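Inspection log for the structure reproduced underneath, given as structure tokens.
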Amino acid sequence: MHILVTGAGGFVGDALVRRLLAGAGAAPAFTRLTLVDRQFSARPDDPRVTALAGDIANAGIWADALNQPADLVFHLASVPGGLAERDFDLGMAANLGGTQGLLDALRRQQSPARLVFASSVAVYGDPLPDQVDDATPARPGLSYGMQKLVGELLVTDYSRRGYIDGSSLRLPGIVARPPAPSGLISAFMSEVMWAARDHRPVRLPVSEQGVCWWMSVAAAVEALLHAASLPGQGRVWLPPVLRLTLGELVAALTDRFGPFPVTYAPDPAVEAKFARQPPLIAAAARAAGFRDDGDVAGLIKAALDQGEYTP
């Protein structure tokens, strides 16, 4: 089996690659693993792995990545929301042009590849309704959400035509990203976890009562792998998440690591987009076997373990 991972040098991509190489749990066996990203800080020392550095907006990269047809593709590469909003052309080139370029390259294969596309809850926009579920319409309020929604439509239509067998996962903000500039408006969700672990002050742009959707990187990896195991059973999945206030999370972090200084300085725009999340009812995904982190203690452990698999 040949597996292709785009965005493999990123936060979720790196965790997924480590899970694939570990071969534990739901990770499929493979003979070749091709990694694509703009750059790599490190490359796995494994003869099965090929790492290609390049721009997914350049269609030429797919000729190298797919010189052997892919059987399974995880398409994670994208320009994040904050950056896509500031630089419209960059977001369109990567998030739309890159996705369509990959799909067109896969279309030319003799056998359709299984593809899992990392979409986003940003497709729902804001303000959100009183509840988000499988029937909630997508109404993106940012260019990033629009680009993800169009990506979903492309995956669904290419699947309908038999070019691929694809599905999309509407992921929330994933924690805990390393404390470095990411272009993500939701970076505070990860920063508070690292601040607790390192016993340093943190200033949060949302209120203590702000309610967020939470998913660890480990849970995100498991969701991606599970989606890959369900060919033809769903084109768009809304996976289950934990719904917690910042106060609840900070209390749990304090229980684990001890007290640390927290300042709440709500930014109305950030609060509206990321800290007024209603109940999320992922009935179809739960019925299909998708799972959340279980509880706040499980979320913290999985998030700070940085995607290491715990059977």
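The values are calculated or read from the model by the stated rules, or taken from the named source; none is laboratory data. All of these numbers come straight from a predicted model, not from anything done at the bench. Using ideal geometry, Cβ is built from the backbone for each residue, glycine included, and neighbour counts are taken over all protein chains shown.
One table, with the values for the structure above:
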read-out	value
All strands (runs of 3 or more DSSP E) inside segment 163-245 with 1 or more residues being closer than 22 Å to Tyr144 by Cβ, in contact (Cβ under 8 Å) with a residue 24 or more places away in the chain and within 13 Å of the chain's Cα centre (by Cα)	164-171, 211-216
In segment 66-104, the residues that are free of Cβ contacts under 8 Å to residues at least 12 places away in the same chain, over 21 Å from the mean Cα position of the chain (by Cα) and not in a helix (DSSP H, G or I)	Asn67
Residue check for Ala94: in contact with an Asp or Glu (Cβ under 7 Å, 6 or more places away or on another chain) and crowded, with 19+ Cβ neighbours inside 10 Å	no
Odd one out for Ala53, checked against (1) surrounded by 15 or more Cβ atoms within 10 Å (Cβ to Cβ); (2) among the small types (Gly, Ala, Ser); (3) farther than 30 Å from Val270 by Cβ; (4) at pLDDT 95 or above	(1)
Hits in segment 2-35 - residues which are under 12 Å from His75 (Cβ atoms) and of a type in the set (Ser, Thr, Tyr)	Thr6
Unmet criterion (only one of (1) assigned to a loop (DSSP other than H, G, I, E, B); (2) under 24 Å from Ala284 (Cα atoms)) for Gln109	(2)
Total residues in segment 166-183, condition surrounded by fewer than 18 Cβ atoms within 10 Å (Cβ to Cβ) and not small (Gly, Ala, Ser)	3
Flag if Ala63 is surrounded by fewer than 19 Cβ atoms within 10 Å (Cβ to Cβ), assigned to a helix (DSSP H, G or I) and small (Gly, Ala, Ser)	yes
In segment 238-252, the residues that are over 25 Å from Pro137 (Cβ atoms) and crowded, with 20+ Cβ neighbours inside 10 Å	Leu244, Leu246, Leu249, Val250
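Residues are listed down the side, and each one gets a yes or a no for (1) on the phi < 0 side of the Ramachandran plot; (2) among the aliphatic types (A, V, I, L, M):
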site	(1), (2)
Ser159	yes, no
Gly162	no, no
Gly166	yes, no
Arg170	yes, no
Ser186	yes, no
Trp194	yes, no
Arg197	yes, no
Val202	yes, yes
Pro205	yes, no
